[in-house]
Amino acid sequence: MTWTKHDYEDIPGTYVFDGKQAHGAYALNKLLFSLNSAENRRDFERNPAAYCDQHGVTGKHKELILTKNFLGMLRAGANIYYLAKMAIPRGTSVQDAGAAFQGISTQEFQARLLAKGAGLPERLAKRGGYWNG
């Protein structure tokens with residue numbers, strides 16, 4: 001399959017979930033989405049390797065799941081929302097994942113969040129009291 005190159009592909013540290021990313025990671029995302037079900041999460045916990053096999057997840061994708069390499073999964077085409085279905089029930093918070101994505105500690109990540117939030121009410125007031133990203 002031929003994919004069109006996009007400008008966003010050259011933004012360092014950015015992993016855009018698009019058709020190109022999704023195409024090669026279909027089995028990975030199907031497995032992650034299956035974790036919406038409590039029964040499936042229990043099956044996964046009992047034997048992660050067998051669960052990967054059952055969902056057709058092999059090779060590098062299987063290794064990423066078994067080692068809980070969340071950044072690797074994201075880079076390999078995992079949908080961030082599906083990835084949360086694996087991370088959060090296993091004790092990895094969104095802040096833990098954000099820190100791992102940036103290669104810093106959770107404490108450093110939290111400090112950066114707090115620093116970015118400093119003066120937020122004043123910045124919002126300058127914009128008319130609303131946030132537009």
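Looking only at the stretch 85-133, how many residues end up being of a type in the set (K, R), more than 30 Å from D43 (Cα to Cα) and part of a helix (DSSP H, G or I)? Before you say what the answer is, go through the steps one by one.
Residues of the stretch 85-133 that are of a type in the set (K, R), as a first pass: 85, 90, 112, 116, 123, 126-127.
Next, only the ones that are more than 30 Å from D43 (Cα to Cα) stay: 112, 116, 123, 126-127.
Going one step further and asking which of them are part of a helix (DSSP H, G or I), we end up with 112, 116, 123, 126.
Here the count works out to 4.
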What's the number of the only condition in (1) assigned to a helix (DSSP H, G or I); (2) at pLDDT 95 or above; (3) not basic (K, R) that V57 fails to meet? (1)
Can you run down the residue pairs with Cβ atoms below 6 Å, 6 or more apart or on separate chains, where the first is in the stretch 32-52 and at pLDDT below 95 and the partner is among the hydrophobic types (A, V, I, L, M, F, W, C) and not in a helix (DSSP H, G or I)? R41/L35
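The values are calculated or read from the model by the stated rules, or taken from the named source; none is laboratory data. Model, not experiment: these values are computed from the prediction. Cβ coordinates were reconstructed from backbone atoms using ideal geometry, including for glycine residues, and neighbour counts include every protein chain displayed.
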